[in-house]
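Structure record follows, encoded as structure tokens.
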Amino acid sequence: MLSVRPKIAELVFQLYGRPLHPELFQVYNSRTVRRGAYEAKIDITGAGHVVTWQYQGLTLTEVATSAQHPLPQKRRLLSARLRGLRNDRVECRGGASYQVSFQLEPVEPEVFWTFQQELALDGQRQGMLHKFDSSGRMALGALSYINVETRNSCLLVQAFHTFPDDYAIVKSQSLFEIP
């Protein structure tokens, strides 16, 4: 199966207050972490990633995907096009909270290829990495790299998704906290 990225103009970042059906996404790499009172499943998908975080009956699902991807609207807490830089925070019941910072960064070709090589090296040592097929326009395909840090009271997810056809990088940092 060919795995290439959608165009960056189609990207959205969303947060749901519920789980989403796994069959909605083509998953290329997956990891589950458990620490203290929470559990999280992190998936690299075709357009970006899905993080499903659970704590004492509360579920938050973060999705970076294409706007063309059919997702439900029920219990969607946040939805934003991936353009420029954005920071957001959501307070949840029971004292849990979610913070996110994401940006779409167009860069010069030399900077892009250097960054892509560094991600590939980091992904061989730690974190999660998926190398996508080339779209045909560029010799190399896109990369998705996700680094996860766990503490008893929080989960930090740093994600980097490259888009070679547009010389662009999507960066996100999400913090899921419990009281």
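For the range 102-151: of the residues being out of contact with any strand residue (DSSP E or B) (no Cβ under 6 Å at 6 or more places or on another chain) and polar (S, T, N, Q), which is modelled with the highest pLDDT?
THR114
If you go through the range 71-81 one residue at a time, do you hit one that is within 15 Å of the chain's Cα centre (by Cα), surrounded by 14 or more Cβ atoms within 10 Å (Cβ to Cβ), more than 20 Å from PRO179 (Cβ to Cβ) and among the small types (Gly, Ala, Ser)?
So far as the range 71-81 goes, yes, one or more of its residues are within 15 Å of the chain's Cα centre (by Cα), surrounded by 14 or more Cβ atoms within 10 Å (Cβ to Cβ), more than 20 Å from PRO179 (Cβ to Cβ) and among the small types (Gly, Ala, Ser).
Being part of a strand (DSSP E or B), surrounded by fewer than 16 Cβ atoms within 10 Å (Cβ to Cβ) and out of contact with any helix residue (DSSP H, G or I) (no Cβ under 6 Å at 6 or more places or on another chain), is that true of even one residue in the range 107-127?
No.
With closer than 30 Å to GLY57 by Cβ and of a type outside the set (A, V, I, L, M, F, W, C) as the only criterion, which of GLY127, GLY141 stands out?
The unique qualifying residue is GLY127.
Sort out which residues of the range 82-101 are surrounded by fewer than 15 Cβ atoms within 10 Å (Cβ to Cβ), modelled with pLDDT under 95 and of a type outside the set (D, E, K, R), and write them in order of number.
GLY84, LEU85, GLY94, GLY95
For the range 2-20, name all the residues that are at pLDDT below 90, of a type outside the set (S, T, N, Q), part of a loop (DSSP other than H, G, I, E, B) and over 15 Å from the mean Cα position of the chain (by Cα).
Answer for the range 2-20, where residues must be at pLDDT below 90, of a type outside the set (S, T, N, Q), part of a loop (DSSP other than H, G, I, E, B) and over 15 Å from the mean Cα position of the chain (by Cα): LEU2, VAL4, LYS7.
Could you please give the count of residues in the range 42-77 that are in contact (Cβ under 8 Å) with a residue 24 or more places away in the chain and either closer than 10 Å to VAL12 by Cβ or of a type in the set (D, E, K, R) (or both)?
The qualifying residues number 14.
Among the residues that make up the range 54-63, is at least one of them within 19 Å of LEU156 (Cα to Cα), outside any strand (DSSP E or B) and either over 14 Å from the mean Cα position of the chain (by Cα) or among the polar types (S, T, N, Q) (or both)?
yes
Quick test for you: out of ALA47, ALA40, pick the one residue that is of a type outside the set (Ser, Thr, Tyr), in a loop (DSSP other than H, G, I, E, B), surrounded by 21 or more Cβ atoms within 10 Å (Cβ to Cβ) and in contact with a strand residue (DSSP E or B) (Cβ under 8 Å, 6 or more places away or on another chain).
ALA47 is the lone residue from the list that is of a type outside the set (Ser, Thr, Tyr), in a loop (DSSP other than H, G, I, E, B), surrounded by 21 or more Cβ atoms within 10 Å (Cβ to Cβ) and in contact with a strand residue (DSSP E or B) (Cβ under 8 Å, 6 or more places away or on another chain).
Under 14 Å from the mean Cα position of the chain (by Cα) and either over 22 Å from LEU20 (Cα atoms) or in a helix (DSSP H, G or I) (or both): does that describe LEU156?
No, not satisfied.
Out of SER172, SER144, report the one residue that is within 23 Å of LEU77 (Cα to Cα), polar (S, T, N, Q) and surrounded by 16 or more Cβ atoms within 10 Å (Cβ to Cβ).
Step by step, each of SER172, SER144 is checked, and only SER172 is within 23 Å of LEU77 (Cα to Cα), polar (S, T, N, Q) and surrounded by 16 or more Cβ atoms within 10 Å (Cβ to Cβ).
The values are calculated or read from the model by the stated rules, or taken from the named source; none is laboratory data. Worth saying up front: this structure is predicted, and the values here are computed from it rather than measured. Counting neighbours? That spans all protein chains shown, and the Cβs are built from the backbone with ideal geometry, glycine included.
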